[in-house]
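Here is the structure we will look at.
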Amino acid sequence: MVRYVYDFHEGGRDMAGLLGGKGANLAEMTRLGLPVPPGFVISTEACRTFLTTGAEPDRLAREISRHLTGLETAAGRLLGQPGNPLLLSVRSGARFSMPGMMETVLDIGLNDESVLGLAKVSGNERFAWDSYRRLVQMFGSTVMGVDSALFEQAMDLLKESRGVTDDLHLDAGDFAELVDQYKNLIADETGDTFPQSPAEQLRRAVLAVFASWNGERARLYRRREHIPDDLGTAVTVQRMVFGNLGHDSGSGVAFTRDPATGRPGLYGDYLADAQGEDVVAGIRNTVPLAELERLDPTSYGRLRDHMETLERHYRDLCDIEFTIERGTLWMLQTRVGKRTAEAAFAIAAELTDEGILTPDEALARVSGNQLARLMFPRFDASATGDALAHGLPASPGAAVGAAVFDSAEAVRRAAAGEKAVLVRQETAPDDLPGMIAAQAVLTSRGGRTSHAAVVARGMGKVCVCGAEELTVDTDARRFTTRDGTVVEEGTVISVDGSAGAVYAGAAPLVDSAVIRHLETGERGEQSARVVDAVARALQQADDVRRLEVRANADTPEDAARARRFGAQGIGLCRTEHMFLGERRKLVEEMILADTDAARERALDALLPLQRQDFTGILEAMDGLPVTIRLLDPPLHEFLPNRTDLAVRIATAEAQGAAPDPHDTELLAAVSRMHEENPMLGLRGVRLGLVIPGLVAMQVRAIAEAVVERTRAGGHPEAEIMVPLVGAVEELRIEREVVEHVLALVAEETGVPVHCPVGTMIELPRAALTAGHIAEEAEFFSFGTNDLTQTTWGFSRDDVEAAFFSAYLDKGIFAASPFETLDRAGVGRLVGIAVAEGRAARPDLKIGVCGEHGGDPDSVHFFHSAGLDYVSCSPFRVPVARLEAGRAAL
Ligand code: ADP
Ligand code: MG
Ligand code: MG
């Protein structure tokens, strides 16, 4: 038989699903023998039934009344008993903590009669009327739906007429008057009267707490925190204790350690002569807990003992709410407390030192997201003024620099040793040099996975994107904020990529000690505690993880940094970035060549440059695998923009001059190569199959770099990766060319060249025919960005700004599938490819090199899917190491 009500004695912390976090922990404290006012919990199941049927479940009233009788018997008085009333609190509390999102009603049981009784037995008339006015206010707003601001206005008016600012200076008569006013207010607003019957008060308060699960605030909070909508809240009914009984009473909140730094030692706030709600409501200034030690050393000592008990019992930082009634301490709530990233690492390490946690448990207590937060410099939050604008927090961290409006200017300033922030409407691949040179990227358009966001995150560069309040005028080199402030080029601005805000001037920065430690091994005096804690967590993760972690890196500098960050190789070395800048000219010649000889000339000129690229990277990653991907993007990406060319030609013609013949030739080529859908056009393996000589040149550059490094005594481990394969035949043909060139170079040089040849799995067809493809591939690497695009039919550049926020709101997905791998769809393809690929070739090495390789949730998936490694941007390497370790626990 279903049961809806549990006494505190019958519950425990493992019953949070049924009793809510608050109820379960109150039960746990009761069991531990801590002083908890007695009470019972109405289960979330009762709430769910109420919310789905719109009616109280049968028997609920009977069960409540049975447990109420228990409370009354123990107290020796009845709920609302006129001469000496038992009073109750009715508190909300869901499975997952939703602080302040739902309702609580205190002092249930007071009415026109029992308030007199309470005044008499307590010997404190003021206290009795204060409690009554609180009840009428809370009941009026929470249960009867009166706007709580109206009650506050009445209170303010009264204080004004008495010439006081603090409610401590109101007396019993004042509160009695307020009760009258509040009752009238309720009658005016609702046409209903405040119920005098304690039983009715209790029943209606319980239902109101049920209903508060679906309040607007609660729903919004759940959506943001990804808490399911169908859990419901439990309701805790508890005997009241009173912090508002005078100077020897009060309420407070406390933490067993400092939740900001994790440092051991009690930490909290206390408010004398107050009920608990007052502490957070900020109606009077609280005092630090240390002050309580002076005011009431006995209670303070007990509090300290109880908190020690709790921390030892929960083996973690706890926060608590407590009340002191005339020198007697009562514990009203506890839970494992929220904390900053810094505190999370510090606490995990310290609890391990104290022998409370094993190293594995400590690892489970920290997360990759917390680590990422510690890796970016931050603004000193207390020192920033009003924001110029807000946008999406696309890539966290803080940066300061002069606003610049094109890539070249950012590069110029960086070369001159200046710091710049690149401001664009949106960025394009051409802006890459400027993005690299700038401290931060700010765009007025685009979502969290727009070009600016993805590239910036990849580089660990601060980025705020989609700051729609800004009008960016690139030609005039300035942007305008919504209130009309104009920011000209060269003006210093600050970009907070963690909060998505932009400030005028240079907001003060706090450095990331963790990055400094990873880069140089320095611990820094102030930060040694956190730096050591992070290092220990990473060490533990390295000890237990099965997944290898590689980095995506295209330059020797990035490769070296990735290695310092713990990368075990390069999982993706893109070659397209090597075709930009000064080499563009040569690439252009190759594309425009109309004879074999002209094409070969261009390729020959590119060859030594490519070889140099690879030599540098292989040297930086000596002894570790470097997976080099053959050219992937469509070739017209390397040609000038079609519109720009057309405009240039038209301008020349309008001025009566002959257009540059080179421009005319380029325009013809660009028009010829134009694609409606470049993402699905001539790119990837298709390029190699139709452009003669391109693959051969790239493979020769790789092979010659291997030879050079081998001759220099190194241990180069190059792997050649073919992108965008959909059919085994494509790979077979390309592979023949690759093997042929490798053999040729080995023969020419007399140095053996062994490079495994593998493919990316980034098309659904590749995943579905992985068994065949594995016959030609020595390794697979999932390109989850393209695989997500092609599986969902989403063009990443178009969908995010257009409708992703609507999709998130409607709950179609809980996170963008470009950020967190879609397990049900894309993940299923990964599973098929792994199983069929390994069936065909048992020693097939399998990794992933999309953005997802550095996403915590996705890393856990790749672990369970049986992959060998994940590869991500250098700055995500520590995060991936940590999460790969946690996945293996
Ligand atoms: P929230 O979830 O918003 O923290 P609570 O249910 O914890 O709401 O109630 C808010 C405050 O009301 C508590 O911090 C506590 O101070 C006070 N309170 C709740 N129950 C009691 C009680 N039985 N006696 C005295 N004060 C109480
Ligand atoms: Mg609380
Ligand atoms: Mg791809």
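The values are calculated or read from the model by the stated rules, or taken from the named source; none is laboratory data. The structure presented is a predicted model; accordingly, all values stated were derived computationally and were not measured. Methodologically, a virtual Cβ is constructed for each residue, glycine included, from the backbone with ideal geometry; neighbour enumeration extends over all protein chains shown. Note: accessible area is taken over every heavy atom of the protein model, side chains too, but ligands, DNA and RNA are not part of it. Shrake-Rupley method; radii C 1.70, N 1.55, O 1.52, S 1.80 Å.
This model, with +1 at the C-beta of Lys and Arg and -1 at the C-beta of Asp and Glu, gives the chain a dipole about its Cα centre of some 1780 debye.
Per-residue counts of other Cβ atoms within 10 Å, averaged by peptide: what ranking do you get for 704-714, 804-814, highest first?
Result, highest mean first: 704-714, 804-814.
Of the peptides 736-745, 165-174, 430-439, how do they stack up when ordered by the mean number of other Cβ atoms within 10 Å, highest first? Write out the running numbers ahead of the final one.
Details: 736-745: 16.6, 165-174: 14.8, 430-439: 20.9.
Order by mean packing, descending: 430-439, 736-745, 165-174.
Under 5 Å between amide hydrogens, built in the peptide plane, is the criterion, and for ALA467 it picks out LEU392, THR443, SER444, ARG445 among residues at least 5 positions away or on other chains. Proximity of backbone amide H atoms, modeled 1.01 Å from N, is registered between ASP273 and GLY246, SER249, GLY250, SER251 at under 5 Å, excluding neighbours fewer than 5 places apart on the same chain.
Put a dot 7 Å past the Cα of LEU295, heading toward its Cβ, do the same for GLU216, and the two dots end up 3.6 nm apart. Per-residue 3J(HN,Hα) values for the range 771-787, derived from phi via the Karplus relation 6.51 cos²θ - 1.76 cosθ + 1.60 with θ = phi - 60°, read x, 6, 4, 4, 5, 9, 10, 8, 8, 10, 9, 6, x, 6, 5, 5, 5 Hz in sequence order (x marks Gly and Pro).
Within a straight-line Cα-Cα reach of under 17 Å, LYS338 can be paired with the following lysines, leaving aside sequence neighbours fewer than 8 residues apart in one chain: LYS22. Taking 7 Å steps out from each Cα toward its Cβ at ASN285 and ARG477 produces label points 5.0 nm apart. Projected onto the charge dipole of the chain (+1 at Lys/Arg Cβ, -1 at Asp/Glu Cβ, origin at the Cα centre), which of LEU295, THR427, ALA646 gives the Cα projection farthest towards the positive end? Positive-end residue among those listed: LEU295. With q set to 0.12, 0.17, 0.23 Å⁻¹, the log10 of I(q)/I(0) for the range 375-486, from the Debye formula over equal scatterers at the Cα positions, is -0.36, -0.75, -1.38. The string of couplings for the range 333-341 from the Karplus curve (6.51, -1.76, 1.60, θ = phi - 60°) is 5, 8, 6, 5, x, 5, 8, 6, 4 Hz, one whole number per residue in order, with x for Gly and Pro. For the pair LYS159 and ALA415 in one chain, pulling the backbone fully straight at 0.36 nm per residue adds 85.8 nm over the alpha carbon distance. Across the chain, the mean sequence separation of Cα contacts (distance under 8 Å, 6 or more residues apart), normalised by length, yields a relative contact order of 9 percent. Using just its DSSP H runs of length 4 or more, each adding -39500 (n - 2.57), the chain gives a mean residue ellipticity at 222 nm of -14000 deg cm²/dmol after division by all residues. List the residues of the range 441-483 whose backbone N lies under 20 Å from a point placed 7 Å from the Cα of ASP663 along the Cα-to-Cβ direction. Answer for the range 441-483: 475. Diffusion coefficient (Stokes-Einstein, Kirkwood radius over C-alpha pairs, 25 °C, 0.890 mPa s) for the chain: 78 µm²/s, rounded to a whole number. Across the range 516-613, the mean sequence separation of Cα contacts (distance under 8 Å, 6 or more residues apart), normalised by length, yields a relative contact order of 20 percent.
For the pair ALA74 and ARG312, a Förster radius of 30 Å applied to the C-beta separation gives a FRET efficiency near 0.55, rounded to the nearest 0.05.
Placing a label point 7 Å from the Cα of ARG223 along the Cα-to-Cβ direction, the residues of the range 811-827 whose backbone N falls under 19 Å from that point are 811-817.
Of all DSSP-defined beta bridges confined to the chain, some 65% are antiparallel rather than parallel. Distance between the 7 Å Cα→Cβ label points at ALA187 and GLN425: 6.4 nm. Take every Cα pair under 8 Å whose residues are at least 6 apart in sequence, average their separation, divide by the length of the range 419-528, and the relative contact order is 17 percent. Between 0 and 90 degrees, the angle of helix 728-749 with respect to the longest Cα principal axis of the chain falls at about 60 degrees.
Each Lys and Arg Cβ is given +1 and each Asp and Glu Cβ -1; about its Cα centre, the range 303-437 then shows a dipole of about 140 debye.
Rounded to the nearest 0.05, what FRET efficiency do THR651 and SER805 give with R0 = 30 Å and r taken as the Cβ-Cβ distance? Could you check?
On the way: r = 40 Å, r/R0 = 1.34.
E between THR651 and SER805, to the nearest 0.05, is 0.15.
Placing +1 on each Lys and Arg Cβ and -1 on each Asp and Glu Cβ, with no other charges, gives the range 91-187 a dipole about its Cα centre of roughly 400 debye.
Sequentially through the range 590-602, phi angles give Karplus couplings (6.51, -1.76, 1.60; θ = phi - 60°) of 4, 5, 7, 3, 9, 10, 4, 5, 5, 5, 4, 4, 5 Hz, Gly and Pro residues having no value and appearing as x.
Under 20 Å of direct C-alpha separation, and excluding same-chain neighbours fewer than eight residues apart, LYS183 reaches these lysines: LYS159. ARG886 contributes an accessible area of around 60 Å² to the protein surface, as traced by a 1.4 Å probe with all chains present. Under 5 Å between amide hydrogens, built in the peptide plane, is the criterion, and for ALA94 it picks out GLY21, LYS22, ALA234 among residues at least 5 positions away or on other chains.
Sorting the segments 187-196, 206-215, 665-674 by their residues' average number of neighbouring beta-carbon atoms within 10 angstrom, most packed first, yields 206-215, 665-674, 187-196.
For the range 793-889, the equivalent ellipsoid built from the Cα gyration tensor has semi-axes of 25, 17, 12 Å, listed from largest to smallest. Solvent exposure of VAL728, expressed as accessible area, is near 20 Å², computed with a probe of 1.4 Å over the protein chains only.
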